[in-house]
Structure formats: structure tokens, C-alpha cells
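Notes for the one structure printed next.
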Amino acid sequence: MNRIVRDYLNLFGIAGVIITLDQWTKWLVRESIPFGGQWLPEWLSWLSPYARFVNWANKGAAFGMFQQGGMVFTVLAFIVIGAIIYYYPQVENNDWALKLAMGMQMAGAAGNLIDRLMFGEVTDFISVGTFPVFNVADSSITIGVVVLLLGAWWNERQAKMKKQQVEMGNDQLPANQS
């Protein structure tokens, strides 16, 4: 199978699973919890002051920021998705962290974009303490950034170790060969 086709299957596979989970959970919340309401299973009622499911709408960015920027975030989502689709095949095969991060970020952007296009706002439903209410797409973007940073750190660490090994190997060669 062609490498580019395999890359895109990988990207759209990661994104597809996350988008499906995001849209299904948002649909479930819209159907099960009245707008502005909250829900928590009875057996988890002790968590109520700290965590609960709510039905909330967000016209801004992730975590309720920039409420007046709906159109900007719609356009930005299209740009982000397009850039990821364009650059994804150019990522080295062994950079799995970057590929995973790009898939997660594309899924998050697409999940919230679907809501913006269909409803004019994004459904948020995960409420933890005093933290702004969020959803699966927001989580995917955030975790994707963490994966990206950890992957960059790991790749840099591996490159330094490899460089040290090369330098140590050169130190052990006779002077006329180094």
C-alpha cells in the first residue's frame, strides 16, 4: 500500500474514532440532560461538588474562552484541519507522537467545527470543580498538545543520547581517524 494512503488512513482513523466519540457524547447529553441541567449517577453522588455532567453551550473557544469569536473559530478550524491534512504525510514515519498529536488535534477541531456548523455553538458537558466546562473534542486538543510536547522532548532526548554515543565513539578512535 502506498505510504501516503497508509498515512491518511492512519490520520483519518485516529480522527474518526475521536470525532465519533465526541459527537455521540454530545448527542447523548443534548438528548438526556435539559439545557443548563446536570446529571450524575446516584452511586457517584459524592462527586457532585467536584465533577458532574452538564448541558452547556459555548460559542467561543475551548473551555469557554472568547465567547464572541464563533466565526473566527469556525474559520480557524478549517485552516487547522487543512494544514494538518496537508502536512501529515510529510511527517517522518518514526515520529509516531507527532502523528498521534496531529490526529488528536484535527479530531478536536473537527468535532467542535461540526457543532458550530450544525448548531451555531459547541455543546460542552464535562464539569470538574471550578474549571470551565469542556467536551471530548476539547480534551482531544489538549491531550494532543501534551503528546506533541512529550514527543518533542523524547525525540530531543534521543538525539542528544545518540550524539553523545557518537562523540564517545570518536574519542576512542586513534587521533588520525577522528
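For the reader, a short list of remarks on this structure follows.
- Residue match in segment 20-32 (condition: outside any helix (DSSP H, G or I), among the hydroxyl-bearing types (S, T, Y) and surrounded by 10 or more Cβ atoms within 10 Å (Cβ to Cβ)): no
- Any hit, segment 76-94, residues being closer than 19 Å to S139 by Cβ, of a type in the set (G, A, S) and modelled with pLDDT of 90 or more: yes
- Exactly one residue out of L113, L76 is over 25 Å from T130 (Cα atoms) and crowded, with 17+ Cβ neighbours inside 10 Å, and it is L113.
- Filter pass, F35 being of a type in the set (A, V, I, L, M, F, W, C), assigned to a loop (DSSP other than H, G, I, E, B) and either modelled with pLDDT of 90 or more or under 18 Å from E121 (Cα atoms) (or both): yes
- Identity of the residue in segment 116-137, assigned to a strand (DSSP E or B) and of a type outside the set (S, T, Y), that ends up surrounded by the fewest Cβ atoms within 10 Å (Cβ to Cβ): V128
- Any hit, segment 156-164, residues being within 21 Å of N10 (Cβ to Cβ) and in a helix (DSSP H, G or I): no
- Among the residues of segment 34-59, the ones that are closer than 22 Å to L113 by Cα and surrounded by 14 or more Cβ atoms within 10 Å (Cβ to Cβ) come to 7 in all.
- Extreme residue, surrounded by the fewest Cβ atoms within 10 Å (Cβ to Cβ), among residues of segment 1-16 that are aliphatic (A, V, I, L, M) and without any contact (Cβ under 8 Å) to a residue 40 or more places away in the chain: M1
- Boolean, I143 is touching a Leu at 6+ places or on another chain (Cβ under 8 Å), modelled with pLDDT of 95 or more and surrounded by fewer than 19 Cβ atoms within 10 Å (Cβ to Cβ): no
- Residues of segment 17-51 that turn out to be within 22 Å of the chain's Cα centre (by Cα) and over 24 Å from Q105 (Cα atoms), as a count: 1
- Flag for L149 being surrounded by fewer than 13 Cβ atoms within 10 Å (Cβ to Cβ), more than 25 Å from T25 (Cβ to Cβ) and modelled with pLDDT of 95 or more: yes
The values are calculated or read from the model by the stated rules, or taken from the named source; none is laboratory data. Bear in mind the structure is a predicted one, so any value in this text is a computation, not a measurement. Reconstructed Cβ throughout: ideal geometry from the backbone, glycine too, with neighbour counts over all protein chains shown.
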